[in-house]
1. Does residue 61 fit the bill of being modelled with pLDDT of 95 or more, out of contact with any Ser or Thr (no Cβ under 8 Å at 6 or more places or on another chain) and more than 20 Å from residue 99 (Cα to Cα)?
2. Would you mind stating whether residue 44 is surrounded by fewer than 16 Cβ atoms within 10 Å (Cβ to Cβ) and either at pLDDT 95 or above or small (Gly, Ala, Ser) (or both)?
3. I'd like to check something: does region 22-41 contain any residue that is assigned to a loop (DSSP other than H, G, I, E, B), under 15 Å from residue 76 (Cα atoms) and either modelled with pLDDT under 95 or in contact with a strand residue (DSSP E or B) (Cβ under 8 Å, 6 or more places away or on another chain) (or both)?
4. Only residues that are in contact with a strand residue (DSSP E or B) (Cβ under 7 Å, 6 or more places away or on another chain) and assigned to a loop (DSSP other than H, G, I, E, B): list them for region 71-101, please.
5. Is there any pair linking a residue in region 69-84 that is closer than 19 Å to residue 16 by Cβ to one that is among the small types (Gly, Ala, Ser) and assigned to a loop (DSSP other than H, G, I, E, B), with Cβ under 8 Å and at least six apart or on different chains, and which?
6. Condition first: over 9 Å from the mean Cα position of the chain (by Cα), outside any strand (DSSP E or B) and on the phi < 0 side of the Ramachandran plot. Now tell me which residues in region 2-21 satisfy that.
Amino acid sequence: MSFQRVFAVTDLKNGRFTSAEVMGVDLCFTIKDGEVVCLENSCSHMGLPIDRAEIKNDGSFECPWHGFAFNIEGGRCKTYPVYSIRTFETKIEDGDVFVRVDEGS
């Protein structure tokens, strides 16, 4: 599947998620150290949205519903490593954020 334009990189804020739906998948994006990170906007514990979470300086965040801690890079749960949130490949071109969402996701 090809990359899909989502929004301008200036729409992203450090320490916060910005959500968008791409090809029927609810996603959330953030920027850390100049790199765009994209996760599925769904906690792997209960499936509730994570886009309200505040991202800490170390790149972790807690699910706003049950407090499980996750890393934005890789989506791995720090609280219970058996859980992880799907991540998606991103790129920045000409000031815009693009994401690749595999068909059938």
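The values are calculated or read from the model by the stated rules, or taken from the named source; none is laboratory data. All values derive from a computational prediction rather than experimental measurement. Using ideal geometry, Cβ is built from the backbone for each residue, glycine included, and neighbour counts are taken over all protein chains shown.
1. yes
2. no
3. Within region 22-41, one or more residues are assigned to a loop (DSSP other than H, G, I, E, B), under 15 Å from residue 76 (Cα atoms) and either modelled with pLDDT under 95 or in contact with a strand residue (DSSP E or B) (Cβ under 8 Å, 6 or more places away or on another chain) (or both).
4. 72, 73, 74, 75, 78, 79, 83, 85, 86, 89, 95, 101, listed by residue number.
5. 71/59; 72/59; 73/59; 75/44
6. 2, 9, 10, 11, 12, 13, 14, 16
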